[in-house]
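The values are calculated or read from the model by the stated rules, or taken from the named source; none is laboratory data. From a predicted model like this one, the values you see are computed outputs, not experimental measurements. Using ideal geometry, Cβ is built from the backbone for each residue, glycine included, and neighbour counts are taken over all protein chains shown. Accessible surface is based on the protein model in full, side chains and every heavy atom, while ligands, DNA and RNA are left aside. Shrake-Rupley method; radii C 1.70, N 1.55, O 1.52, S 1.80 Å.
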Amino acid sequence: MIESSVVVRAATPDEDPACVDVWTAAVAARDGVPEDSAVRVRAEAKFAVPRVACLVASADPTALLDGFVLVTAPGTGRPTDPPDAAYLSLLAVRPDLQARGVGRALLVAAVEAAGAAGHPAVVLHALDDNLPALRLYEAAGFRPTGVTFPHALTGRRTATYVVGMPWAPGA
């Protein structure tokens, strides 16, 4: 575990393309498929919406980007999300560094950044079959809301998770 040596800091705008590269590689590795241009285009679009925070992580401050998290403004996720929850839009770690604490450090920093920006909750969407990610989110206090939907690119079942204020659909 390298978590204690992970440095998380605010990203600079010129790091957006490197974040998209990490996202595209991580999705390909997760799904066991070649990198897909549709995944890249969808990720690039997420960087164009209002941000709460974009954070990057590195085990070595002089090294390449090891991972990142993008948190966007309330309302940038799905219409069924809590209306005042920041949206954890993307979280990815280089495939060769997964399960070493980088994702956990980014997730904790993202929730803290959202709270510091005045958001009482953070919402995210995760594939139901992505068990490593679900374990990470649940260990950080995220809980499923019961709202599911088909993923926009793959149609795979996707669940909504939230941490922070108590929230229920329709409440």
- Any idea how far the Cα center of segment 95-163 sits from the one of segment 30-83, in Å? 12 Å
- Note on the structure: Computed over the chain, protein heavy atoms only, probe 1.4 angstrom, the accessible area per residue in square angstrom equals 49 Å²
- Query: Once you have the alpha carbon radius of gyration of the chain, what is it after dividing by 2.2 N^0.38 Å, with N set to its residue count?
  - Reply: 0.96
- Note on the structure: For segment 3-88, whose charge dipole is built from +1 on Lys and Arg Cβ atoms and -1 on Asp and Glu Cβ atoms, the candidate among 74, 13, 58 with its Cα farthest towards the positive end is 74
- Can you send over the carbon and sulfur percentage of the accessible area for segment 67-165, probe radius 1.4 Å, protein chains only? 54 percent
- For the pair residue 9 and residue 138, the simple spin-label estimate (label points 7 Å beyond Cα toward Cβ) gives in nm 3.6 nm
- Dipole magnitude of segment 1-125 about its Cα centre (Cβ charges: Lys, Arg +1; Asp, Glu -1), debye to nearest 20: 240 debye
- Message: Given an 8 Å cut-off on Cα distances and at least 6 residues of separation, report the relative contact order of the chain as a percent.
- Response: 20 percent
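Over the chain, what is the percentage of antiparallel beta bridges among all DSSP beta bridges, to the nearest 5? Walk me through the intermediate numbers first.
Numbers: 28 of 32 bridges.
Rounded to the nearest five, the antiparallel share is 90 percent.
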- Query: Hey, what did segment 1-97 get for relative contact order, percent, Cα under 8 Å, at least 6 apart?
  - Reply: 30 percent
- Query: Packing-wise, with mean Cβ within 10 Å as the measure, how do 12-21, 120-129 rank, highest first?
  - Reply: 120-129, 12-21
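Sort 81-92, 149-160 by packing, meaning the average of other beta carbons within 10 Å per residue, with the highest value first.
Values: 81-92: 22.9, 149-160: 13.8.
So the order, starting with the most tightly packed, is 81-92, 149-160.
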